[in-house]
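Data block below; observations after.
The values are calculated or read from the model by the stated rules, or taken from the named source; none is laboratory data. Source: prediction; values computed, not measured. Neighbour counts are summed over all protein chains in view; Cβ atoms, including those assigned to glycine, are modelled from backbone coordinates with ideal geometry.
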Amino acid sequence: MIKSGIDHIASLRDDRAVYLHGKRIDDVTRHPAYANSVKSIARLFDFPSQQQELMTFVADSGDRANRIWQLPESYRELCDRRQALEAWNGLHSGFMGRAPDHVASCISGMYMGLDVFEAYDGKRARALADYYRYARDHDLYLTYVIINPQADRSKSASRQKDEFLAAGVVDRDASGVTVRGAKMLATGGIMANEVFVTCVQPLQPGDEKHALSFAIPMNAKGLKILSRKSYEEEARSVFDNPLSSRFDENDAVLFFDDVKVPWERVFVIDSLEMCQRQFHATPAHVYQNYQAVVRLSVKFRFLLGIAHRITEVNGTNGFSQVRETLGHLAAEAGMVDAFVAAMEAKGTRHGRYFVPDRHTLYAALTLTQKLYATVLNTLRELAGGGMIMLPSSLEDFRNPEIANLIGKTQQSPAASATERVKFYKLAWDAVGSEFASRHAQYEMFYSGASFVTAGHSYRTYDWPAAARALDDMLKSYDLADELGRAAVSQ
């Protein structure tokens, strides 16, 4: 089933327990902290029916499904799916990092590695397979929480002051397990249908009660959703805050207050090893982060549009030093596009499926973690004070006297005063607002700390090939031969 935007909005009116400013929210689809972002997600769900060939595929059920759930069996199918992801992410210019295509990629990657689950536990493998089909056929929006609360990072999950600070199994019976404790960071969770819960961080011996993997609806009994501050709620208008007013996907801590999870929704239980293998022995970690790099390539394209427009609005696009700066930005964005193409071209098989190249993915993550901040800083340098000295809000335009002064002071060789203000309001929301600051933090850490991504790059690089290249060169000359030639020449 291809879900419509109206269908998705209706699905969120399910009495989920969202808390903001000390109060429980009655309806997230109407609350000013979330309503516009919910509409942006609804727009995503309307898009596949408008672009059916691009955005859907024929599933094994015989019905059409959203391409976010596609399991490519060839290079061509992988590229087809990427084109769909690019179009979908274009609807929010890459600013919704945990839109429905991200965790769908994770669960799809795990399903592609179903053999790993079958080797672990046949019942858990069947639960995962059934859940993949259920989520696909109901076009669910999934979020995930895969990190424990920071608390005391020097101690493992089981050695915190509260043994159930991090979510863990407190009880089990024939019908399922009972989970207590917290997980983070449920980005998009307030607008999602269900949440996938597990731990991507390595667990230590003694942490077995925290070594689990499961999925439940966001309105599950006992699940409390603790929302961070809403940037959408703080936005004065779409004109003043065009991004934060519509694309604030929000983040939340989830607290499991003795939540019952049926066995048919449990994919891993009590296994430290399998918590890691579900990501790294299957295509899951690569597939979900491949989606993230595709999204980032869309976002960089948008940011380069801002960069170029800044130079046009400021009348500096003819300066050679400015073109040099734009050239560097173009090269950096081109590098991200090239990484995506290389992941696909160098793709490998996992059973019947064709998946992106692992090391190219981790190389992209390692380099782009620092690149995002560099690009934002370059935009700041190009803009100077242009993003700061703007009218306080659209209300200034309602006052004829102030509007007249805006017309005089917001001049540009390439835009009217209104167009200039509109553009720079957008640029500031992308680069300098609180919403933008959250995105700078997000792009640094969505795939893990930098030492983690660099570690994945180290682990997956072909070091034996590098060693052979070095050894071949060393074997091509010899000290004894050199001494012999020197003696003959004398």
From the options Ala84, Ala119, Ala129, Ala125, residue that is closer than 26 Å to Asp46 by Cβ, in the same structural domain as Val200 (by TED's automatic domain parsing) and part of a helix (DSSP H, G or I) = Ala84
Select from the range 1-54 the residues that are of a type in the set (Phe, Trp, Tyr) and within 15 Å of Ile225 (Cα to Cα) and list them in ascending order.
-> Tyr19, Tyr34
Of the residues that sit in the range 73-99 and are among the basic types (Lys, Arg) and more than 15 Å from Glu443 (Cα to Cα), which one is surrounded by the fewest Cβ atoms within 10 Å (Cβ to Cβ)?
-> Arg76
Single match in Asp60, Asp27 (criterion: assigned by TED's automatic domain parsing to the domain that holds Asn89 and modelled with pLDDT under 95) = Asp60
Does the range 152-167 contain at least one residue that is under 15 Å from Val261 (Cα atoms) and out of contact with any Lys or Arg (no Cβ under 8 Å at 6 or more places or on another chain)?
-> no
Residues in the range 135-188 that are small (Gly, Ala, Ser), surrounded by fewer than 22 Cβ atoms within 10 Å (Cβ to Cβ) and over 17 Å from Lys224 (Cβ atoms): how many?
-> 7
Among residues belonging to the range 270-292 that are surrounded by fewer than 21 Cβ atoms within 10 Å (Cβ to Cβ) and not charged (D, E, K, R), point out the one that is nearest to the chain's Cα centre (by Cα).
-> His280
Is it fair to say Arg67 is basic (Lys, Arg) and either touching a residue at least 60 places away in the same chain (Cβ under 8 Å) or under 17 Å from Gln291 (Cβ atoms) (or both)?
-> yes
Of the residues Ser213, Ser227, Ser158, which single one is over 22 Å from Cys275 (Cα atoms) and in contact with a helix residue (DSSP H, G or I) (Cβ under 8 Å, 6 or more places away or on another chain)?
-> Ser227
Yes or no: Leu379 part of a helix (DSSP H, G or I) and touching a residue at least 60 places away in the same chain (Cβ under 8 Å)?
-> yes
Candidates Ser416, Ser447, Ser457 - the one that is at pLDDT below 95 and either assigned by TED's automatic domain parsing to the domain that holds Val313 or surrounded by 10 or more Cβ atoms within 10 Å (Cβ to Cβ) (or both) = Ser447
Just one of Phe300, Phe256 is assigned to a helix (DSSP H, G or I) and crowded, with 21+ Cβ neighbours inside 10 Å; which is it?
-> Phe300
Condition check for Leu303: of a type in the set (A, V, I, L, M), touching an Asp or Glu at 6+ places or on another chain (Cβ under 7 Å) and more than 29 Å from Leu212 (Cα to Cα) | no
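Let's see how each residue does on (1) at pLDDT below 95; (2) farther than 20 Å from Ala135 by Cβ:
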| residue | (1), (2) |
| --- | --- |
| Lys155 | yes, yes |
| Ser158 | yes, yes |
| Arg180 | no, yes |
| Leu185 | yes, yes |
| Ala192 | no, no |
| Phe196 | no, no |
| Lys209 | no, yes |
| Leu212 | no, no |
Starting from residues that are at pLDDT 95 or above and either in a loop (DSSP other than H, G, I, E, B) or outside the structural domain of Asn317 (by TED's automatic domain parsing) (or both), keep the ones in the range 389-409 and report whichever is farthest from Asp429 (Cα to Cα).
-> Asn399
At least 1 residues that are within 24 Å of the chain's Cα centre (by Cα) and within 17 Å of Ala84 (Cα to Cα) in each: list the helices (runs of 4 or more DSSP H) lying fully within the range 1-60 that qualify.
-> 35-50, 52-55
Those residues of the range 450-470 which are more than 15 Å from Pro202 (Cα to Cα) and among the hydroxyl-bearing types (Ser, Thr, Tyr) amount to Ser450, Ser457, Tyr458, Thr460, Tyr461
